[in-house]
Amino acid sequence: MKVRIKFRKTGMMKFIGHLDVMRFFQKVNRRSGIPIAYSGGFSPHQLLSFASPLGLGLTSEGEYLDMEVESFEGSAAMKDRLNACMAEGLEVVSCRLLPDNAKPAMAVLAAADYLVFPRKGHGFPGWEEALSSFLGKPSVMVVKKTKKSERETDIRPLVYDFQRREDGMFLKLACGSVENLKPELLLEAFYRSLGKEWEPFAFRIHRLELYARKDDELLPLDSFGEERP
């Protein structure tokens, strides 16, 4: 049986990397008594996968983990079991049973919502207006680097939406294995367009939600499963 877990990562947990979070969930599954399924072979491992690793220093309201279990006692009961073993800064929001033919979250991931705002002592007056003007351009060319090469590409089509809010700038960006845009790259390009030196930790970045595309519509990843009593 396939289950999709939605969880928050906040507070000091933003300094814990993805691999450590993965190991932590493996321990939580054992401690909580969740009947997690294991692979076969000489070195069996828990059958779980994350939708998208969260960058170090980022917080989130909408992280996702898919895992296979031998049995499912119900959404609320599973959520309570997991949260009873969680550390401060990690909290399970929901547990939803997926259809047997559901694809892994990492395979269908298409977009992500972020809220970005300057840290204390950073940013500059009118940065929201300047960023809105920057995102209003028809194209934004940047050099994207990979392990083997670097190439110039237009990242503007990867910005699906942006809105000014009282608590920062909302961004909906492409996210996944096919098309992907990190908010850090977008903010760096913004600063360079103004002739300003980019400071990697000048902004706080908070991920709000992850989406998959279905029939040309972006739907939250938890909408592909169902709550079970």
- prompt: For helix 183-193, what angle does its Cα long axis make with the longest principal axis of the chain, in degrees from 0 to 90 and rounded to 10?
  reply: 0
Out-of-range pairs (alpha-carbon distance over 32 Å; input LYS145/LYS196; LYS147/LYS196; LYS14/LYS196; LYS147/LYS172; LYS2/LYS120): LYS2/LYS120
- line: By the Cα gyration tensor axes a ≥ b ≥ c (a/c under 1.5 gives rounded; else a/b larger than b/c gives prolate, otherwise oblate), the shape of the chain is prolate
task: Treating only the Cβ atoms of Lys and Arg (+1) and Asp and Glu (-1) as charged, compute the dipole magnitude of the stretch 87-229 about its Cα centre; round to the nearest 20 debye.
output: 580
message: How many angstrom lie between the Cα centre of the stretch 47-64 and the Cα centre of the stretch 18-45?
response: 16
query: In deg cm²/dmol, rounded to 500, what helix-only [θ] at 222 nm does the chain give when every DSSP H run of at least 4 residues adds -39500 (n - 2.57) and the total is split over its residues?
result: -6000 deg cm²/dmol
- prompt: What shape does the stretch 109-218 have by the C-alpha gyration tensor, where a ≥ b ≥ c are the square roots of the eigenvalues, rounded means a/c under 1.5, and otherwise prolate means a/b greater than b/c and oblate the rest?
  reply: oblate
- request: Kindly put CYS85, CYS175 in sequence by how many other C-beta atoms sit within 10 Å of each C-beta, fewest to most.
  value: CYS85, CYS175
query: In straight Cα distance, which aspartates and glutamates are under 18 Å from LYS79, not counting same-chain residues fewer than 8 positions off?
result: GLU61, GLU63, ASP66, GLU68, GLU70, GLU88, GLU91, ASP222, GLU226, GLU227
- request: Convert each backbone phi in the stretch 203-219 into a coupling constant with the Karplus relation 6.51 cos²θ - 1.76 cosθ + 1.60 (shift: θ = phi - 60°), then list the ³J(HN,Hα) values in order as whole Hz, x for Gly and Pro.
  value: 10, 8, 10, 10, 7, 9, 6, 10, 10, 10, 9, 9, 6, 6, 10, 8, 10
message: I need to check one value: relative contact order of the chain, counting alpha carbon pairs closer than 8 Å and at least 6 residues apart, in percent.
response: 27
- prompt: Between VAL143, GLY126, PHE203, whose Cα lies farthest towards the positive end of the dipole of the stretch 109-218 when Lys and Arg beta carbons carry +1 and Asp and Glu beta carbons carry -1, centred on the Cα centre?
  reply: VAL143
field: Dipole axis of the chain (+1 Lys, Arg; -1 Asp, Glu on Cβ), positive-most option in VAL178, ALA51, GLY17
entry: GLY17
Dipole axis of the chain (+1 Lys, Arg; -1 Asp, Glu on Cβ), positive-most option in GLY74, ALA105, LEU218: ALA105
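Coordinate-derived values only; no laboratory data. What you see is a predicted model, and the numbers here were worked out from it, not measured in a lab. Cβ atoms come from the backbone with ideal geometry, glycine included; neighbour counts cover every protein chain shown.
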